[in-house]
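Undergrad: The structure is given below, and queries will be raised subsequently.
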């Protein structure tokens, strides 16, 4: 967790049918997207590029980004805001011919991930007497 309380959780599997899948789930309490360096230009900007529209998935109103930078380079990204916090989930796309992780596969993966998300409410502030260990 960063000082601004943003966090990222990554999952990487290189055994999936001889292909590689990489998924990142992140939250940004500031409500602003992260900034990344575009290695081709050296300019910093939002880590997500090429918005391709919005859609409803499992009750989430997501914006779809076709390309990420930095830690989400070559990812299909779904981003949404809830209670002022910006969330994202992304899946790496292998753009090589005959790849097992195509854009369509990444989209199905992201839809499945969103359908499986459950909100967990905090039980109390850290260090309070009612906190269970």
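Undergrad: Looking only at the range 38-50, filter to residues that are under 21 Å from residue 94 (Cα atoms) and in contact with a strand residue (DSSP E or B) (Cβ under 9 Å, 6 or more places away or on another chain); which one of those is modelled with the lowest pLDDT?
TA: 38
Undergrad: State all residues of the range 61-107 that are assigned to a loop (DSSP other than H, G, I, E, B) and touching a helix residue (DSSP H, G or I) at 6+ places or on another chain (Cβ under 7 Å); if no residue qualifies, say none.
TA: 93
Undergrad: If you scan the range 55-73, which residues turn out to be surrounded by fewer than 17 Cβ atoms within 10 Å (Cβ to Cβ), closer than 22 Å to residue 94 by Cβ and free of Cβ contacts under 8 Å to residues at least 40 places away in the same chain?
TA: Residues satisfying the conditions are 66, 70, 73.
Undergrad: Here's something else I'd like to know. Take residue 110 and decide whether it is touching a residue at least 24 places away in the same chain (Cβ under 8 Å), part of a strand (DSSP E or B) and surrounded by 14 or more Cβ atoms within 10 Å (Cβ to Cβ).
TA: no
Undergrad: Tell me which residues, restricted to the range 1-37, are outside any strand (DSSP E or B) and either farther than 27 Å from residue 100 by Cβ or modelled with pLDDT of 80 or more (or both).
TA: Correct list: 1, 2, 3, 4, 5, 6, 29, 30, 31, 32, 33, 34.
Undergrad: Oh, and also: For the range 74-97, what are the residues that are more than 15 Å from residue 23 (Cβ to Cβ) and either surrounded by 15 or more Cβ atoms within 10 Å (Cβ to Cβ) or touching a residue at least 60 places away in the same chain (Cβ under 8 Å) (or both)?
TA: Scanning the range 74-97 gives 80, 86.
The values are calculated or read from the model by the stated rules, or taken from the named source; none is laboratory data. Predicted, not measured: the structure shown is a model, and the values here were computed from it. Every residue, glycine as well, gets a Cβ built from its backbone with ideal geometry; the counts of neighbours run over all protein chains shown.
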